[in-house]
1. With the structure loaded, tell me whether Asn422 is modelled with pLDDT under 90, crowded, with 18+ Cβ neighbours inside 10 Å and in a helix (DSSP H, G or I) or whether it fails that test.
2. Of the conditions (1) at pLDDT 95 or above; (2) under 30 Å from Ile1048 (Cβ atoms), Pro786 satisfies every one except a single condition; which number is it?
3. Tell me which residues, restricted to segment 43-86, are polar (S, T, N, Q), assigned to a strand (DSSP E or B) and either surrounded by fewer than 18 Cβ atoms within 10 Å (Cβ to Cβ) or without any contact (Cβ under 8 Å) to a residue 24 or more places away in the chain (or both).
4. In segment 718-734, is there at least one residue being over 26 Å from Gly825 (Cα atoms), more than 27 Å from the chain's Cα centre (by Cα) and of a type in the set (Val, Ile, Thr)?
5. May I ask you to say which residue of Lys323, Lys356 is surrounded by fewer than 20 Cβ atoms within 10 Å (Cβ to Cβ), modelled with pLDDT of 90 or more and among the basic types (Lys, Arg)?
6. Looking at (1) surrounded by 17 or more Cβ atoms within 10 Å (Cβ to Cβ); (2) at pLDDT 95 or above, which is the only condition Arg898 fails?
7. Answer yes or no as to whether Asp1066 is modelled with pLDDT of 95 or more, among the charged types (D, E, K, R) and surrounded by 19 or more Cβ atoms within 10 Å (Cβ to Cβ).
8. Considering only strands (runs of 3 or more DSSP E) fully contained in segment 674-761, which possess at least 1 residues that are at pLDDT below 90, in contact with a His (Cβ under 7 Å, 6 or more places away or on another chain) and surrounded by 17 or more Cβ atoms within 10 Å (Cβ to Cβ)?
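The values are calculated or read from the model by the stated rules, or taken from the named source; none is laboratory data. Because the structure is a prediction, the values reported are computed rather than measured. Please note: Cβ atoms are built from the backbone with ideal geometry, for glycine as well, and neighbour counts cover all protein chains shown.
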Amino acid sequence: MNVFSRLQNDCNTFGLILICEIIFLSSTITETRAADPVQAMIITLNDHAELTVDATRLRTYRTPESVQAMVVWNDVQTEAWTILEPEQLWTKPVNLTMRSNPFANAANRSSGKERSPGSGIGLQSNIIDQLRGRIIYRNGSNDFLTPHNGFLLTSQLTIRRIAKEGQDSYPENTAEISQRNQLLLRIMLPEGQAVIKWSEIADLPPNLKAGLPVGEYELAIQGQPQRVHFTIVDETVRSYIDAQLHRLEEQLKSAPKSLYLELATQTLLHQPEISGYLGEQQPIAFPADVLDLLDQFPENELTAHLKEVQQSVCNQLQQVDTKQKAEAQVTGINKIDTARSLMLSGEWEEALELLKDPELQNEPRSHGLALLYQASVLSEFSASQASDVSKLYQQAIALLASSSSFSDQFRAHNNFAGFLLNHTIDCVHNHAFRIITGEKNPLFTALYHWKLAEHHFLKASHLAQQMDQNDRVAVLLNRARLCLVLADIIFTMDVEEGGQRKFQLAETAAYDQSDRILSELDQIMDSSKLEPVLLASIYELKAEISFKRNGNSQALEFAQKSQLAYLEAGSLMGVESIQRMLSSIALHAIDSKHNPEQVDVAISHLKVSQVISEFLEHRVPDDKMGQSQAGFHARRAYVSQQLSELLANQGQHKAALEYLETAKAGALRQALMASRISTDGLNQQEIGFESILENWPTEQSALVYRIGPSVVHVFLVDSSGRVTSTVVRDSNGQSVTPRQLVFFVQDCLQSIEGESERMRLRIERNNGFDHSWQLKLSTLYEMLIPQSVRPALANSKTVVIVPHHILHYLPFAALVQEMDRTQNGPYNVPRPQFFIDGPFDLLYAPSLTSWAILGQTPLPPIQNVRAMGIQQFADAPALPGVSLELANLKSAFKERVRQVVLDENADKKTMQQLMARPGLLLLATHGLNEPDQPLNSHLLCYRDQEQLTARDIYESSVNANIIILSACYSGLADRSPLPGDDLFGLQRALLQNGGQVVISGQWDVFDGTAPVILQDVFEQMASSHKPSTALAFAQRKFLNNLRKSDQIELYLHPYFWAMYTVSGNDR
């Protein structure tokens, strides 16, 4: 999708062009909805192909004559939609079938709270793409531009002279290069010549023809005291940077040359990695080498932005102040304008502090602008709740309503509309996973916010008539984008029935509406006066519309024009977006024309996209990383996953898995950066994919899953480290689509979660038990453990499972490899053979990279055991099973149990202190996941107000080697906030910050069986068995004991025994 960068006078969303792929972790934004609830959202299409979206507070609706409609409604935790023909009546159902409540069992360990749909991390966009920052050089000479005080890569330096003030030319002179106060070389500087290349210097000594040797030098005009001190770097540094530039050149062979120059100049201007080697604290820059590089190309081959870079480097070498300032008119309020400058420089905290100055609240306009910019800062910089940001925007709009400045009101409405539209886009694009993980009504919410966005964009459009061309173009672009998003919403819900879609004409009408707005835009704009990034955005939007209308050739033409304009603007984010679009166009050509060579074209574009995103990621300091930037990089996981699928389809299994690992392993870092949590530990834990395979342990294999846009792959790493992959297929050999797999897994999970309560109700109602779980788990076994991987697994002692998407929630141990086909009575529970009955242990890992990092330190013997258990809470239900778990722990480990903390002593500080001590730690308490803020997933302390969150753990030090979380849902964060698909909840936090192994639950811990299983786990680990071996033993023993019984054994159902998993690396 498009990445628009509107570089007007405001840094975030001011004069907004949307970044349309913002990850926005919120599920509701309120605006009078609570007092008078909306019952349904209605999309109508009349016989003139006019499309409207409205909200109704009535529970019934009848379509008028000649009008077709789609009605979307919600009820508590579910949503539904239907398509109505003309004059058809819709009545909102009184009750909708709801997913079973995982907290229904009173004897489980959830906190008993509802998940708050209003919580979320507000991610808003529009930032300046140029990530060079301000470069400060110490020149110290009024005579020479280059060389300068600092470091040079090239030994054949170029002398660039500075014209004296008041002089139009350069006088004849002599320059002297010295080393350690000894003259090495005199260079004649002819009159009028500004640049003298090394090859042009007359009478060079033979030993200097190849350039100056490595070392420190001085340059001065003969007889003048001012000197330039410069250093020719050694071969180590030169080779390091040359390798980077060569790699870029190779990777970008298929891209425009100007893209290579953009990345190469920024590479030369930002080299933090070699600072320590050269004895410097600040990142090293090579501005003279940048000028040398750009001088190799004729001026007409340089983009406008490259010329700006060239001029900027020259200005800063001459110590001309080029600090970024707002380009358009300022507000006239000093503190507001200062805050805007701080925001442009990425100084978010300083800007926010200034905007909260009470003095700004003395007058409505200054107060409104302060709130407007606060909303922009919070949505860009901090882990704010979406509802808080929304309120700030609404308050700002109210305060600025009476402002005489049209631009004030324009910004407020346009920015808020963009905020809403970004959230709409995210709800639509991620609706499947949001539904799976229990979020309430993502599509209803998307449509509701779409309507609010339309309202505010129309307000902004009216105000834009008083603004300049760029503002009018920006708001029209936003409205055109709004129509495309509506087309996506319609497409998402208009599922084919009998090979036909009922509401496809509405999707076409949305495209037509977007086309009409773009036609209006063509009439008002003068492209010669339009900012390049806006022109690029227009072409990109046209390319997207053409592509969705199957006009590949026209889409390709617009996309290429867009790329050229983005390059002119120096917008690397924009170029990256176009590279993805070009890949999609190539892939579509494969489908429509059976043109297989287009696969290589698609792969080429995706690789360029990957290069750009990785480049941008390494150019932004973590402490200056705004939310939208972090989200931008993390969303590039899509690129890695697309590459993975294409390469896997071509049989390049190893390369495909490496790209998949790139997506998975990088996601955690991006999530932490987006939430302002240090990633220093991650930066020190890099490990190469080749190294992982070369050092692969024998008697171990791994299954790595990937749920892609069209197919599902399972990768096998066998005991020799060899990688193969296969497409997941059904029993008929047909490829299983991602949608089908998601449905199968979701349906299966519904048969497992909360089963104790369902059994109780069935017994009370004399209905008999539901045995369908056996067939469902058998079907998933056949899909997910294909025949081709089973021999390798059978020869392994440990199988590492790296899930993806919804598979994080699936208990692989409970997959049925051989069904019990005996005739069971209504209350008998089937006794099949499960996956855990195989000859191997199961170990989960977020990615192979994280697994390998954790395995670098062997798991030490258990010498110290500590525990915290809460049976009675001040503000939550009691947990009677905790006392038995603690007794079993003491029985197994005896004198090795050093400390047990109970009930009222179980506070947050004590829990953190226990985590900081080496050994084994058991935490038995309530737990809760936060669907939209995984870092707020938490364990409950004695008092309900006190919680230990995943965020707390990421910001702490964990020295406990093995952590057992005997708490409801403690294993997962309920949803990955970023599509790289690492999970960022409690389990991942513990593994990241020092823990090596985490034993945790995938659903509510049932007090009737959990202590029994954990008792055997404790005893096995006390006898020096690995945690994965201990859990496998405990689960097999539990099952085998029940299978020997001639009684009805309810606990054979996976709900009662498959809740625990072992994650990490227990080698």
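1. Details: modelled with pLDDT under 90: yes; crowded, with 18+ Cβ neighbours inside 10 Å: yes; in a helix (DSSP H, G or I): yes.
So Asn422 fits the description; yes.
2. (2)
3. The first filter runs over segment 43-86 and keeps only residues polar (S, T, N, Q), leaving 44, 46, 52, 56, 60, 63, 66, 68, 74, 77-78, 82.
Subset that is assigned to a strand (DSSP E or B): 44, 46, 52, 56, 60, 68, 74, 78, 82.
Result: Asn46, Thr52, Thr56, Thr60, Thr78, Thr82.
4. Let us first name the residues in segment 718-734 that are over 26 Å from Gly825 (Cα atoms), namely 718-734.
Now drop any that are not more than 27 Å from the chain's Cα centre (by Cα), which leaves 718-722, 724, 729-734.
Adding the requirement that they be of a type in the set (Val, Ile, Thr) leaves 724.
Within segment 718-734, one or more residues are over 26 Å from Gly825 (Cα atoms), more than 27 Å from the chain's Cα centre (by Cα) and of a type in the set (Val, Ile, Thr).
5. Details: Lys323 fails: modelled with pLDDT of 90 or more.
Result of the check over Lys323, Lys356: Lys356.
6. Evaluating Arg898 over (1) surrounded by 17 or more Cβ atoms within 10 Å (Cβ to Cβ); (2) at pLDDT 95 or above leaves (1) as the failure.
7. On the way: modelled with pLDDT of 95 or more: no; among the charged types (D, E, K, R): yes; surrounded by 19 or more Cβ atoms within 10 Å (Cβ to Cβ): yes.
In short, no.
8. Values: elements: 700-707, 712-717, 723-727.
Those strands (runs of 3 or more DSSP E) span 700-707.
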